[in-house]
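Here is the structure we will look at, set down as structure tokens.
The values are calculated or read from the model by the stated rules, or taken from the named source; none is laboratory data. Bear in mind the structure is a predicted one, so any value in this text is a computation, not a measurement. Quick reminder, even Gly has a Cβ in these numbers, built from the backbone with ideal geometry, and neighbours come from all protein chains shown. Side chains included, ligands, DNA and RNA excluded: accessible areas come from the protein's heavy atoms. Shrake-Rupley method; radii C 1.70, N 1.55, O 1.52, S 1.80 Å.
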Amino acid sequence: MPLLAIGINHKTAPVSVRERVAFAPERLRQALVDLVAAGAARGAAILSTCNRTEVYCDSASAEAEQVCAWLSHWHAIPAQELRPYLYVHPGQEAVRHMLRVASGLDSLVLGEPQILGQVKDAYQSAADAGTLDGELDRLFQHTFAVAKQVRTDTSIGASPVSVAFAAVALARQIFGKLGKRTALLLGAGETIELVARHLREQDIQRLIIANRTLERAHALAAEMGGYAIGLDEIDAHLAEADIVIGSTASPLPLLMRPAVERALKSRRHRPVLMIDIAVPRDIDPAVGTLEDVYLYTVDDLQEIIQENLRSRQAAALQAEAIIAAQVTPCRAGLRAQQANRSIHALRRQSEAVRDELLAKAAARLAAGHDPQAVLEQFAHLLTNKLIHAPSVGLREAGARGDLDTVALIGALYRLDAGPSSSDQSSAA
């Protein structure tokens with residue numbers, strides 16, 4: 001099977017590496033087109049989240065090393081520096097890996113539901129870029145169906161465990177009740193929306209939502225009872241925040257040490273909890289060296305998350321069983337699709353031969369040749385043209401003693417075993 005899944009995730013690489021390999025949404029289309037145009041893959045899709053960057057490709061014309069080399073070149077990271085963090089899943093393992101990813105079994109938070117939406121976004125991005133070929137399309141469609149089955153047939157998503165939940169749980173551990181606290185949220189995407197909901201459930205006193213697109217910030221703030229600002233207003237409101245949680249797609253940090261120092265001075269050094277769950281990071285790591293700042297990254301939430309996973313372990317075993325049962329049907333379907341392509345190519349080739357000979361026969365009839373002679377010549381030429389390729393294959397295989405190929409061609413053409421069939425082939 002010519003499928004490959006290549007990438008890094010929270011298990012193989014720290015956030016300092018993952019942020020360098022993340023794809024900015026505005027460059028994703030260009031990256032997909034470049035990957036295919038470079039000959040590194042026939043079809044491709046890219047999944048890029050805070051916890052993983054993965055390239056799924058139909059690699060019939062490429063090797064894994066070509067895709068790895070392209071990834072290194074695109075992000076300007078030396079191959080020898082990136083390669084130790086990469087994993088490569090070929091063929092059936094690529095199918096299994098995608099099913100596990102979409103079902104939340106490979107996530108930092110076991111069973112988290114957001115990943116399926118992110119996989120769907122990766123599919124749509126590839127479709128929009130024109131890099132989604134037949135094999136990948138079928139793989140994604142099968143993946144969506146299996147992920148839905150996992151959600152329906154197991155309780156893997158029943159407990160409120162997510163990165164957003166873990167971030168709010170950490171805030172409660174540090175501050176206790178949040179009823180007198182102000183939270184500044186950087187971004188207005190799905191993760192921040194979940195954070196806002198969890199904070200509201202904890203009776204947060206005030207929410208400030210900062211986003212590049214002010215309209216989106218206003219919409220979320222209106223829903224959550226918060227206050228919306230643009231990213232350029234963050235410094236003006238930073239001193240108000242007891243909790244800062246960042247999850248934007250900004251390629252560069254939004255909060256630098258000098259701005260935080262000024263905010264701390266205004267706060268008279270009352271402590272601030274900062275949780276950076278963005279990749280690339282929203283908060284400069286140097287901020288964490290300040291005495292009154294408690295800075296955590298997405299990787300730091302692991303311990304909190306583990307404490308909330310016990311209820312999902314049994315469900316995960318059920319999900320693994322579902323996935324194990326679905327890998328083979330998907331693989332068989334992909335192989336059948338590859339066979340269908342060959343069947344269509346054979347039909348097109350045969351029809352081209354037929355049309356060519358029909359045109360010649362029609363021309364001879366128009367010129368007054370005997371219809372019976374024209375038909376006999378047409379039938380003779382058509383037969384010879386259609387059996388030419390398998391006849392050549394049989395002769396070449398026989399000459400080199402390749403009995404497996406002889407048997408395969410015989411099976412494909414449903415030839416009778418015995419001397420007569422060999423004689424007929426030789427006569428061709």
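Would you confirm whether any residue within region 389-396 is modelled with pLDDT under 80, open to solvent by 50 Å² or more (accessible area, probe 1.4 Å) and more than 30 Å from A167 (Cα to Cα)?
yes
May I ask you to list the residues in region 65-92 that are in a helix (DSSP H, G or I), over 21 Å from R29 (Cα atoms) and of a type in the set (A, V, I, L, M)?
Hits for region 65-92 are A79, L82.
For region 295-320, give me the residue count where each residue is more than 22 Å from the chain's Cα centre (by Cα), of a type in the set (A, V, I, L, M, F, W, C) and in a helix (DSSP H, G or I).
We begin by selecting, within region 295-320, every residue more than 22 Å from the chain's Cα centre (by Cα); these are 295-297, 300-315, 317-318.
Keeping just the survivors that are of a type in the set (A, V, I, L, M, F, W, C) gives 295, 301, 304-305, 309, 314-315, 317.
Pick out the ones that are also in a helix (DSSP H, G or I) and you get 301, 304-305, 314-315, 317.
Count: 6.
Could you list all residues from region 242-258 that are aliphatic (A, V, I, L, M) and assigned to a loop (DSSP other than H, G, I, E, B)?
Scanning region 242-258 gives A249, L252, L254, M256.
Kindly provide the set of residues from region 143-155 that are crowded, with 21+ Cβ neighbours inside 10 Å and either in a helix (DSSP H, G or I) or at pLDDT 95 or above (or both), ordered by number.
T143, V146, A147, V150
Please enumerate the residues belonging to region 4-31 that are among the hydrophobic types (A, V, I, L, M, F, W, C), in a strand (DSSP E or B) and under 11 Å from I46 (Cα atoms).
Those that are among the hydrophobic types (A, V, I, L, M, F, W, C), in a strand (DSSP E or B) and under 11 Å from I46 (Cα atoms): A5, I6.
Restricting the first residue to region 122-140 and requiring it to be on the phi > 0 side of the Ramachandran plot, which pairs with a second residue that is in a helix (DSSP H, G or I) and open to solvent by 30 Å² or more (accessible area, probe 1.4 Å) meet a Cβ separation below 8 Å and a spacing of at least six or different chains?
Close Cβ pairs (under 8 Å, with a partner that is in a helix (DSSP H, G or I) and open to solvent by 30 Å² or more (accessible area, probe 1.4 Å)) amount to G130/V33.
Filter region 184-232 down to the residues that are within 28 Å of the chain's Cα centre (by Cα) and acidic (D, E), then identify the one that is nearest to Q173 (Cα to Cα).
E193
Return the residues of region 96-142 that are open to solvent by less than 10 Å² (accessible area, probe 1.4 Å), closer than 20 Å to A41 by Cα and of a type in the set (G, A, S); say none if nothing qualifies.
A122, A126
Please work out which residue is nearest to P113 (Cα to Cα), limiting yourself to region 1-53 and to residues that are crowded, with 24+ Cβ neighbours inside 10 Å and among the charged types (D, E, K, R).
Per the criteria, the residue is R52.
Does A44 satisfy being more than 30 Å from D300 (Cβ to Cβ) and outside any helix (DSSP H, G or I)?
yes
Within region 54-62, is even one residue in contact with a Gly (Cβ under 6 Å, 6 or more places away or on another chain) and at pLDDT below 95?
Scanning region 54-62, I find at least one residue that is in contact with a Gly (Cβ under 6 Å, 6 or more places away or on another chain) and at pLDDT below 95, so the answer is yes.
If E193 satisfies every condition in (1) over 22 Å from E261 (Cβ atoms); (2) of a type in the set (D, E, K, R); (3) open to solvent by 50 Å² or more (accessible area, probe 1.4 Å) but one, which is the exception?
Going through (1) over 22 Å from E261 (Cβ atoms); (2) of a type in the set (D, E, K, R); (3) open to solvent by 50 Å² or more (accessible area, probe 1.4 Å) one by one, E193 breaks only (3).
Residues being hydrophobic (A, V, I, L, M, F, W, C), in a helix (DSSP H, G or I) and modelled with pLDDT under 95: count how many of those fall in region 103-119.
2
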